[in-house]
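Asks: Structure below; questions to follow.
The values are calculated or read from the model by the stated rules, or taken from the named source; none is laboratory data. Quick caveat: nothing in here was measured; it's all calculated off a predicted structure. Quick reminder, even Gly has a Cβ in these numbers, built from the backbone with ideal geometry, and neighbours come from all protein chains shown. All accessible areas refer to the heavy atoms of the entire protein, side chains included, with ligands and DNA or RNA removed. Shrake-Rupley method; radii C 1.70, N 1.55, O 1.52, S 1.80 Å.
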Amino acid sequence: MTELILSLDVLDRKQAVSIAESCAPFIDAIKIGYPLVLSTGLSIVEELADLALPLIADFKVADIPNTNRLICEAIFSAGFDAVIAHGFVGADAARTCVEVAHRHSGAAYIVAEMSHPGATEFFHGGVGERLAELAVACRADGIIAPATRPERIARLREIVGSKAIYSPGVGAQGGDPDAVARLVDGIIVGRSIYEAEDPGAEAERLSRIRR
Ligand code: C5P
């Protein structure tokens, strides 16, 4: 079954909680990034914890190993269940995120490729493949791969095998959930849900997509 992860990129605390509550019965996790945390502070994590859904910190952590360690310790101490980190900083830095995550019984996912058009400026010529290999070598729990380029997901699947692939870019960025769902473990959806007139209904509709 393909999971549905809500990307909660709104700026208002009340709106965030209300959208999360209405979507909760239909989603498998909530991804929170800089927009929401910088607007509300980390206390939003405690507020959303009541929903008993895994909370993924999409901070795309990308620093030296020691700073990655400090960032990830703060993430898991705040109550997150998983972190998304970049791999281009090197295996030592990425591995630090994985180690901290696992020490907290959490998960770490490495960005193999971004989903926006400009991503191809740097993520080409085998870079995505190398990042997927790095994710496997670092014992990450999975990778992030673009719903906007399903053929790339299929290629990266050959490298990561049964590790999780979570895929953003569905809907607002043009990715087709039906085409992507059978290739991945979960689709990550933001604007299509939180900008919908009825976010809960849109989450329910998307949750019916199964591989
Ligand atoms: O609104 P939309 O569905 O496009 O949101 C996608 C979410 O996934 C955003 O939070 C974006 O930052 C994130 N993301 C992405 N592509 C990646 C990694 C993360 O779109 N490769």
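Asks: Exactly one of (1) in contact with a helix residue (DSSP H, G or I) (Cβ under 6 Å, 6 or more places away or on another chain); (2) in contact (Cβ under 8 Å) with a residue 60 or more places away in the chain is unmet by residue 40. Its number?
Replies: The failed condition is (2).
Asks: Taking into account only those residues within region 1-40 that are aliphatic (A, V, I, L, M) and assigned to a loop (DSSP other than H, G, I, E, B), which is most open to solvent (accessible area, probe 1.4 Å)? So that I can check it myself, show each step before the final result.
Replies: To start, the set of residues in region 1-40 that are aliphatic (A, V, I, L, M) comprises 1, 4-6, 8, 10-11, 16-17, 19-20, 24, 27, 29-30, 32, 36-38.
With the extra rule that they be assigned to a loop (DSSP other than H, G, I, E, B), the set shrinks to 1, 8, 10-11, 27.
Numbers: 1: 152, 8: 0, 10: 8, 11: 112, 27: 11 Å².
If we take residues in region 1-40 being aliphatic (A, V, I, L, M) and assigned to a loop (DSSP other than H, G, I, E, B), then 1 is most open to solvent (accessible area, probe 1.4 Å).
Asks: Hey, among the residues in region 167-180 that are touching a strand residue (DSSP E or B) at 6+ places or on another chain (Cβ under 6 Å) and in a helix (DSSP H, G or I), which one's least open to solvent (accessible area, probe 1.4 Å)?
Replies: Among them, the one singled out is 180.
Asks: Next question, about the same structure. Kindly evaluate residue 115 against the criterion of being closer than 20 Å to residue 192 by Cα, within 11 Å of the ligand (Cβ to nearest atom), modelled with pLDDT of 95 or more and in contact with a Gly (Cβ under 8 Å, 6 or more places away or on another chain). Working first, answer last.
Replies: Working: closer than 20 Å to residue 192 by Cα: yes; within 11 Å of the ligand (Cβ to nearest atom): yes; modelled with pLDDT of 95 or more: no; in contact with a Gly (Cβ under 8 Å, 6 or more places away or on another chain): yes.
No.
Asks: Under the condition of being open to solvent by less than 30 Å² (accessible area, probe 1.4 Å) and outside any loop (DSSP other than H, G, I, E, B), which residue from region 181-193 is farthest from residue 131 (Cα to Cα)?
Replies: Filtering first and then ranking leaves 193.
Asks: Can you tell me which residues in region 55-75 are assigned to a loop (DSSP other than H, G, I, E, B) and more than 16 Å from the ligand (Cβ to nearest atom)?
Replies: Initially, region 55-75 is screened for residues assigned to a loop (DSSP other than H, G, I, E, B), giving 62-64.
Answer for region 55-75, where residues must be assigned to a loop (DSSP other than H, G, I, E, B) and more than 16 Å from the ligand (Cβ to nearest atom): 63, 64.
Asks: Would region 106-113 turn up any residue that is open to solvent by 10 Å² or more (accessible area, probe 1.4 Å) and in a strand (DSSP E or B)?
Replies: yes
Asks: If you take the residues in region 119-130 that are within 11 Å of the ligand (Cβ to nearest atom) and in a helix (DSSP H, G or I), which one is nearest to residue 88 (Cα to Cα)? So that I can check it myself, show each step before the final result.
Replies: To start, the set of residues in region 119-130 that are within 11 Å of the ligand (Cβ to nearest atom) comprises 119, 123, 128.
Filter again for in a helix (DSSP H, G or I), leaving 119, 128.
On the way: 119: 13, 128: 10 Å.
For region 119-130, the residue satisfying everything is 128.
Asks: Another question, if that's okay. May I ask you to say which residue of 196, 164, 201 is open to solvent by 10 Å² or more (accessible area, probe 1.4 Å), more than 20 Å from residue 56 (Cβ to Cβ), touching an Asp or Glu at 6+ places or on another chain (Cβ under 6 Å) and modelled with pLDDT of 95 or more?
Replies: Details: 164 fails: more than 20 Å from residue 56 (Cβ to Cβ); 201 fails: touching an Asp or Glu at 6+ places or on another chain (Cβ under 6 Å).
Residue meeting the stated conditions: 196.
Asks: Does residue 50 satisfy the criteria of being of a type in the set (D, E, K, R) and open to solvent by less than 30 Å² (accessible area, probe 1.4 Å)? Full working, then the answer.
Replies: Working: of a type in the set (D, E, K, R): yes; open to solvent by less than 30 Å² (accessible area, probe 1.4 Å): no.
Criteria not met by residue 50.
Asks: Read through the list (1) away from the ligand (no atom under 14 Å from the Cβ); (2) open to solvent by less than 10 Å² (accessible area, probe 1.4 Å); (3) part of a helix (DSSP H, G or I), then give the number of the only condition that residue 140 fails.
Replies: Failing condition for residue 140: (3).
Asks: Could I ask something else about it? If a residue has to be of a type in the set (Asp, Glu) and within 11 Å of the ligand (Cβ to nearest atom) to count, how many in region 159-211 make the cut? Give the derivation first.
Replies: Residues of region 159-211 of a type in the set (Asp, Glu): 176, 178, 185, 195, 197-198, 202, 204.
Retained after the next criterion (residues that are within 11 Å of the ligand (Cβ to nearest atom)): 195.
Qualifying residue count for the region: 1.
Asks: Oh, and also: How many residues are surrounded by fewer than 16 Cβ atoms within 10 Å (Cβ to Cβ) and either within 11 Å of the ligand (Cβ to nearest atom) or not small (Gly, Ala, Ser) (or both) if we restrict to region 143-154? If you could, list the steps in order and put the result at the bottom.
Replies: We begin by selecting, within region 143-154, every residue surrounded by fewer than 16 Cβ atoms within 10 Å (Cβ to Cβ); these are 151, 154.
Still in the list and also either within 11 Å of the ligand (Cβ to nearest atom) or not small (Gly, Ala, Ser) (or both): 151.
So the answer is 1.
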